[in-house]
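Note sheet for the following structure.
Only the coordinates and a few stated rules stand behind these numbers; no lab work does. This is a predicted model, so every value here is computed, not measured. Don't worry about glycine lacking a Cβ; one is built from the backbone with ideal geometry, like all the others, and counts go over all protein chains shown.
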Amino acid sequence: MFAAPSVFSAALLSLSNSPRARLELGLPAVALLDRNGVYGAQRFSVACRKQGIRAIIGSDLTMEDGTLLPVLVENRIGYANLCSLLTQAHLRSEKGSCLVRYCELEEFSAGLIALLSAAAPLQTQRAHAAGLSLPMARRTQFACGAT
């Protein structure tokens with residue numbers, strides 16, 4: 001899997017070229033994580049489908065303590081939960097700001113996978129306590145060089 005930001009959230013890669021480049025690298029899936037939203041999800045999914053690549057949708061959630069919590073959608077329930085979580089946070093926040101509370105994660109955790117780092121042990125503990133699925137946490141820690 002390859003994760004990349006979209007053109008809607010300070011992209012480093014072109015949305016139209018990203019799926020093709022990943023296919024050339026032999027990666028079967030590409031993840032798109034917009035900051036506090038799913039702004040590019042539809043266009044990204046269509047571009048991936050045309051290239052025969054599995055699109056994985058997610059979001060970089062800005063948490064109440066200012067840290068970013070990347071989450072991936074595992075299924076339809078997860079997509080609905082991510083949208084509900086984002087809607088709740090946006091409605092509560094000032095325009096241009098969106099802060100997700102850790103206590104909100106529990107209600108909307110089904111179908112979401114948190115990507116966590118060994119560099120953020122408190123965040124890992126809070127996400128796990130909220131019930132987020134953490135199957136990728138160990139792999140992420142390993143990739144970051146943690147022992």
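Projected label points at Gln42 and Glu94, each 7 Å from Cα along the beta carbon direction, are separated by 3.1 nanometres. Of the peptides 52-58, 67-73, 96-102, 30-36, the order by per-residue mean of other Cβ atoms within 10 Å, starting with the highest, comes out as 30-36, 67-73, 52-58, 96-102.
Couplings 3J(HN,Hα) for the range 89-97, derived from phi with the Karplus relation 6.51 cos²θ - 1.76 cosθ + 1.60 (θ = phi - 60°), are 5, 5, 5, 7, 8, 5, 4, x, 10 Hz, where x marks Gly and Pro.
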